[in-house]
Amino acid sequence: MIFDIQRYSIHDGPGIRTIVFLKGCPLRCPWCANPESQKMVPEIMYSEIKCVLCQRCVNACPVNAIKVINGKIHIDRELCNVCGLCWEACLNEALKVAGKEVTVKEVLSIVEKDRIFYERSGGGVTLSGGEPLMQAEFSAALLAACKKKGLNTAIETSGYQKWELFLPILENTDLVLLDIKMMNTDLHRKIIGVPNNLILDNARKIVELGKDIIVRIPIIPGYNDSIENLRNTAEFAANIGIKEVHLLPYHRLGESKYNQLGRIYNLKDVNVPSTNYIESLTQIFIKNNLKTQVGG
Ligand code: SF4
Ligand code: SF4
């Protein structure tokens with residue numbers, strides 16, 4: 001199941017790329033910029049600014065899951081069975097579904113359309129999410145199909161998966177973009193919902209396998225931006241043989257999606273880190289002989 005395919009991306013790997021966003025993630029980072037990626041079921045997203053309150057959706061819903069309360073559309077997500085009738089009825093694109101079952105063949109046919117751009121730019125296809133490792137069989141099959149067509153492949157991952165399921169994915173992956181969010185496993189479990197041992201073990205194994213790997217670290221003020229955490233991350237990366245890291249400063253671009261999903265955004269009080277602070281953090285990594293870049 002995917003929730004988006006983005007063409008002509010210049011992020012998440014070299015050159016011009018097509019990014020395939022898979023739905024479902026075992027982690028629960030409170031700063032997630034793609035909250036619609038987290039659950040591995042289709043979900044309705046409702047955009048209040050596009051809505052003209054015509055109530056076509058209210059009349060279309062067969063289970064009365066949509067009501068107007070205090071002049072606003074309210075969706076009862078317990079009642080909703082994601083039948084799709086409301087977004088078909090909406091003329092303003094105020095409703096949409098995140099999540100669609102696709103086949104490897106269908107994705108490949110989209111990915112292949114931009115072959116000429118990949119060839120000219122050194123680009124290719126990147127599997128992102130959500131967490132591509134959560135749909136390990138599909139990801140392995142899609143990457144194998146891409147390699148068979150001679151495409152450059154990358155995955156953007158938390159690395160949270162059993163090695164025996166991760167390995168078939170890596171066999172057809174040219175570049176691994178591995179997120180490491182925090183080194184303290186208790187904090188990792190408390191904030192993100194799972195411990196980090198598996199992630200760190202897999203990082204070592206990917207390096208031992210000789211795969212190209214870049215470690216990516218989201219910098220989230222008050223969560224993982226302490227000097228101690230970043231020093232520990234830099235030392236860990238350097239010790240296991242990582243050569244390059246990307247620092248990804250916190251941004252709030254995903255905030256409106258929480259509203260659209262009927263969820264609460266818990267980082268409202270977190271400010272975007274200053275350029276000077278990010279610059280000072282890069283020095284920690286440079287001192288550990290890591291090629292360091294801000295942004296991914
Ligand atoms: S998807 Fe179907 S059940 Fe859910 S709110 Fe829309 S019309 Fe109702
Ligand atoms: S059909 Fe669309 S525009 Fe009309 S009330 Fe529903 S969400 Fe709003």
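Using a 1.4 Å probe on the protein chains only, how many percent of the accessible area of the chain belongs to carbon and sulfur?
With neighbouring chains kept in place, the figure for the chain is 51 percent.
Points 7 angstrom from Cα along the Cβ direction at ARG252 and GLU48: gap in nanometres?
The two pseudo-label positions are separated by 1.5 nm.
Pairs of alpha-carbon atoms within less than 8 angstrom and 6+ residues apart define the contacts here; what relative contact order does segment 127-234 have, in percent?
25
Tell me, what is the per residue accessible area of segment 124-243 in Å², probe radius 1.4 Å?
39
Which residues among segment 159-199 fall inside the zone where the amide N is under 18 Å from a point 7 Å beyond the Cα of GLN293, along Cα→Cβ?
Only 174-180 pass the distance filter.
Please determine, in degrees from 0 to 90 and to the nearest 10, the orientation of helix 136-148 with respect to the longest principal axis defined by the Cα atoms of the chain, where the helix direction is its Cα long axis.
70
Rounded to the nearest 10 degrees, what's the angle between the helix 197-208 long axis and the longest principal axis of the chain, both from Cα atoms, 0 to 90?
The angle comes out at about 50 degrees.
Which is farthest toward the positive dipole end of the chain among VAL82, HIS246, GLY124, measuring Cα position about the Cα centre, with Cβ charges +1 (Lys, Arg) and -1 (Asp, Glu)?
The residue sitting farthest along the positive end of the dipole is VAL82.
Normalised by the residues of segment 43-98, what does the relative contact order come to in percent, with Cα pairs under 8 Å and at least six apart?
Relative contact order comes out at 48 percent.
Calculate the FRET efficiency for LEU79 and VAL272 from the Cβ-Cβ distance with a Förster distance of 41 Å, rounded to the nearest 0.05.
E between LEU79 and VAL272, to the nearest 0.05, is 0.65.
For ARG28 and ILE116 in one chain, what is 0.36 nm times their gap in residues minus the Cα-Cα distance, to one decimal in nm?
28.0 nm
Order the following by accessible area, largest value first: ASP225, ASP186. Probe radius 1.4 Å; ligands, DNA and RNA are ignored.
Accessible-area ranking of ASP225, ASP186, largest first: ASP186, ASP225.
Using a 1.4 Å probe and counting only protein heavy atoms, arrange GLU119, GLU106 so the residue with the most accessible area comes first.
So the residues, ranked largest to smallest area, are GLU119, GLU106.
What accessible surface, in Å², does a 1.4 Å probe find on HIS251, ignoring ligands, DNA and RNA and rounding to the nearest 10?
80
When Rg is the radius of gyration of the Cα atoms in the chain and Rh is its Kirkwood radius, what does Rg/Rh come to?
0.99
Rounding to the nearest 20 debye, state how big the charge dipole of the chain is about its Cα centre with +1 on each Lys and Arg Cβ and -1 on each Asp and Glu Cβ.
260
From Cα coordinates alone, what are the radius of gyration and Dmax values for segment 43-98 in angstrom?
Rg and Dmax of segment 43-98, Cα atoms, are 9.8, 26 Å.
Over the chain, what is the relative contact order in whole percent, taking alpha-carbon pairs under 8 Å and six or more residues apart?
19
Sort LEU108, LEU22, LEU79 by accessible area with a 1.4 Å probe, largest first.
Ranked from most to least accessible, the order is LEU79, LEU108, LEU22.
Where the centroid of each part is defined by its Cα atoms, how far is segment 131-184 from segment 15-93 in Å?
28
Using the heavy atoms of the protein chains and a 1.4 angstrom probe, tell me the accessible area per residue for segment 43-98 in square angstrom.
For segment 43-98, the solvent-accessible area averages 63 Å² per residue.
What figure, in Å² to the nearest 10, do you get for the accessible area of ILE75 with a 1.4 Å probe and non-protein molecules left out?
20
Using every alpha carbon pair in segment 168-269, what percent of pairs falls into each 5 Å bin from 0 up to the bin containing the largest distance?
Here the calculated profile for segment 168-269 is 2, 11, 20, 21, 18, 14, 9, 5, 1.
Report the one residue of LEU230, PHE138, SER280 whose Cα lies farthest in the direction of the positive end of the charge dipole of the chain (charges on C-beta: Lys and Arg +1, Asp and Glu -1; origin at the Cα centre).
Farthest towards the positive pole: PHE138.
Check cross-link reach from LYS190 to the lysines: straight Cα distance under 17 Å, and skip same-chain residues fewer than eight apart.
Output for LYS190: LYS181.
Kirkwood Rh, Cα Rg: Rg to Rh for segment 99-153?
When Rh is taken as the Kirkwood radius, the ratio is 0.96.
At 222 nm, what value in deg cm²/dmol follows for the chain if DSSP H runs of at least 4 each add -39500 (n - 2.57) and the sum is divided by all its residues, to the nearest 500?
The helix contribution divided over the chain gives -9500 deg cm²/dmol.
The values are calculated or read from the model by the stated rules, or taken from the named source; none is laboratory data. Note that the structure is a prediction, hence the values are computed from the model and not measured. Here the Cβ is made from the backbone with ideal geometry for all residues, glycine too, and neighbour counts use every protein chain on show. We work out accessible area using only protein heavy atoms, side chains counted, and drop any ligands, DNA or RNA first. Shrake-Rupley method; radii C 1.70, N 1.55, O 1.52, S 1.80 Å.
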